[in-house]
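Note sheet for the following structure.
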Amino acid sequence: MPSPDPVPVRRSDAAASATAGRAGRIDTAGDGRAAPEDALQLARETFLAGGRIEMRTIASALGIGRSTLYRWFGDRDRLIGEVIWREYNDLVDRAEDAADRDGLAGAERILAVVARTNRDISRSRALRRFLTSEPEAALRVLTTKHGGVQPRIVERHARRIRDERERDDIKPDVDATALAYAMVRISEGFLYADQITDTELDLEMADAVMGALLR
């Protein structure tokens with residue numbers, strides 16, 4: 001995502017106090033101006049605390065107009081999607097590190113990374129709260145191109161598939177992006193089954209189906 005120039009802000013004393021404690025974690029412009037990273041940090045903290053991300057609230061806390069926030073992110077879905085993507089990306093990093101420590105390669109490594117990531121996602125209280133409190137918005141953000149999450153998940157998996165194919169024989173011999181997309185859709189179907197089809201979560205079945213794709 002591009003990083004637009006920071007904009008001058010006129011923080012109220014209350015807003016300044018609310019953000020002062022985060023100074024060590026937010027990458028601000030350093031001269032009293034807000035940047036997209038400030039908005040993302042506030043949105044992330046709100047999300048992880050189980051709160052509802054509101055453009056008006058974040059803009060007010062940063063002392064900027066909502067139009068600036070919309071210019072940075074497009075809309076609320078995109079802002080939430082960016083927060084979720086960063087959390088997801090961190091989970092994948094940890095899953096890949098674990099697979100490396102276990103010495104996994106090829107299809108086994110691909111499946112292990114996806115399986116661990118899916119289980120970590122299923123245990124995310126913040127994400128479950130989002131799905132429960134705003135099911136339509138959550139599925140729109142998580143499972144469509146509009147939210148900006150799914151396309152990047154697909155590309156991350158596709159990159160791993162291509163890397164593993166250079167080192168090992170992975171079946172089937174189909175386009176990596178198409179295979180990654182199929183795996184992501186399978187993951188979504190099982191991860192969010194309670195919201196999509198009103199059925200219980202069954203990640204072991206998801207593992208089995210994705211494993212069959214790579215045989």
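The values are calculated or read from the model by the stated rules, or taken from the named source; none is laboratory data. These figures come from a predicted structure and were not determined experimentally. So basically every Cβ, Gly included, is an ideal-geometry build from the backbone, and we count neighbours across all protein chains shown.
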Count - residues of the stretch 134-145 that are surrounded by 15 or more Cβ atoms within 10 Å (Cβ to Cβ) and under 16 Å from Trp85 (Cβ atoms): 7
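I'm trying to understand the selection: among the residues of the stretch 69-86, which are over 15 Å from His146 (Cα atoms) and surrounded by 19 or more Cβ atoms within 10 Å (Cβ to Cβ)?
Filtering the stretch 69-86 down to residues over 15 Å from His146 (Cα atoms) leaves 69, 71-72, 86.
Residues satisfying the conditions are Leu69, Trp72.
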Where a residue in the stretch 84-109 is under 19 Å from Ala208 (Cβ atoms) and its partner, wherever it lies, is basic (Lys, Arg), with Cβ under 9 Å and at least six apart: Ala95/Arg116; Ala99/Arg109; Ala99/Arg116; Gly106/Arg165; Gly106/Arg167; Ala107/Lys171; Ala107/Arg215; Arg109/Arg160
Among residues of the stretch 54-68, those that are surrounded by 20 or more Cβ atoms within 10 Å (Cβ to Cβ) and either within 23 Å of Thr144 (Cβ to Cβ) or under 19 Å from the mean Cα position of the chain (by Cα) (or both), counted: 1
Among the residues listed as Thr19, Thr117, the single one being modelled with pLDDT under 95, in contact with a helix residue (DSSP H, G or I) (Cβ under 8 Å, 6 or more places away or on another chain), of a type in the set (Ser, Thr, Tyr) and within 30 Å of Thr132 (Cα to Cα): Thr19
Qualifying residue in the stretch 118-133 (condition: hydroxyl-bearing (Ser, Thr, Tyr), surrounded by fewer than 14 Cβ atoms within 10 Å (Cβ to Cβ), in contact (Cβ under 8 Å) with a residue 60 or more places away in the chain and in a helix (DSSP H, G or I)): yes
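When the residues of the stretch 134-150 are narrowed to those that are touching a residue at least 24 places away in the same chain (Cβ under 8 Å) and not hydrophobic (A, V, I, L, M, F, W, C), which ends up nearest to Asp77 (Cα to Cα)? Step through it out loud before you land on a result.
The first filter runs over the stretch 134-150 and keeps only residues touching a residue at least 24 places away in the same chain (Cβ under 8 Å), leaving 134-135, 137-143, 146-150.
From what's left, not hydrophobic (A, V, I, L, M, F, W, C): 134-135, 140, 143, 146-148, 150.
Details: Glu134: 12, Pro135: 13, Arg140: 8, Thr143: 12, His146: 8, Gly147: 6, Gly148: 9, Gln150: 13 Å.
Taking the candidates together, the pick is Gly147.
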